[in-house]
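Take a look at the structure set out below.
Derivation of every value follows stated rules applied to the coordinates shown; laboratory data play no part. These figures come from a predicted structure and were not determined experimentally. Heads up, the Cβs are rebuilt from the backbone with ideal geometry, glycines too, and the neighbour counts pull from every protein chain shown.
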Amino acid sequence: MLRALSLLTLVLLSGCATLPQLQPPGIALQRIDLLQLGFDEQRFGLQLEVTNPNSIPLPITGIRYGLTVSGIDLGTGASTETMRIPANGTSRVQLELSVNAVRLLGQLSEWTRRPPSELSYLLDGEIDVELWPRPLQVSREGRVPLTIAPGAFRL
């Protein structure tokens, strides 16, 4: 019995070694849209560019992400929208982040007086790929333009 279990374990381990390795996709935050700025809710639209460095398409089944802007942790979000990133290709992804945090009021108040045209950011998270055993970790920091939607300020 012990011998059969050992043999089964070796077979399973050798099977795992032959799984193809997936490289994590590259991500870049292309734009932040301030959709709504109110006392009870702040909503941001995020436009990401996702680059697949793999020679096979990536069937994405979910994304979980966190966003820090200008040193302020805006929060986390998730999307279960399915998408397919072509092999060695790039796709644009729209996400939304809702924030309800009193600590942001000072920064948001400043943005109403002098809206910045560009913000520094740190975006990190994980991407679920169909039939892949674990999420792919992603992270990117940089600068991104900020656009403010008409009627966004609802104070």
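Suppose the chain between ASP40 and ARG92 were pulled fully straight at 0.36 nm per residue; how much longer would it get relative to their current alpha carbon spacing?
15.8 nm
Could you give me the ³J(HN,Hα) list for the range 60-75, computed from phi with Karplus coefficients 6.51, -1.76, 1.60 and θ = phi - 60°, whole Hz, x at Gly and Pro?
These are the phi-based 3J(HN,Hα) values: 7, 10, x, 9, 10, 8, x, 10, 10, 10, 6, x, 10, 6, 6, x Hz.
When only C-alpha pairs under 8 Å and at least 6 residues apart count, what is the relative contact order of the range 22-154, in percent?
33
Using the scaling law 2.2 N^0.38 Å as the reference, what is the normalised Cα Rg of the range 22-154?
For the range 22-154, the normalised Cα radius of gyration comes out at 1.10.
Lys and Arg at +1, Asp and Glu at -1: add these up for the other residues within a Cβ distance under 14 Å of GLU130 and post the number.
Local net charge: 0.
What length, rounded to one decimal in nm, is gained on full extension from SER109 through to GLU130, with 0.36 nm per residue of separation minus their alpha-carbon distance?
Residue separation times 0.36 nm, minus the Cα-Cα distance, leaves 3.4 nm.
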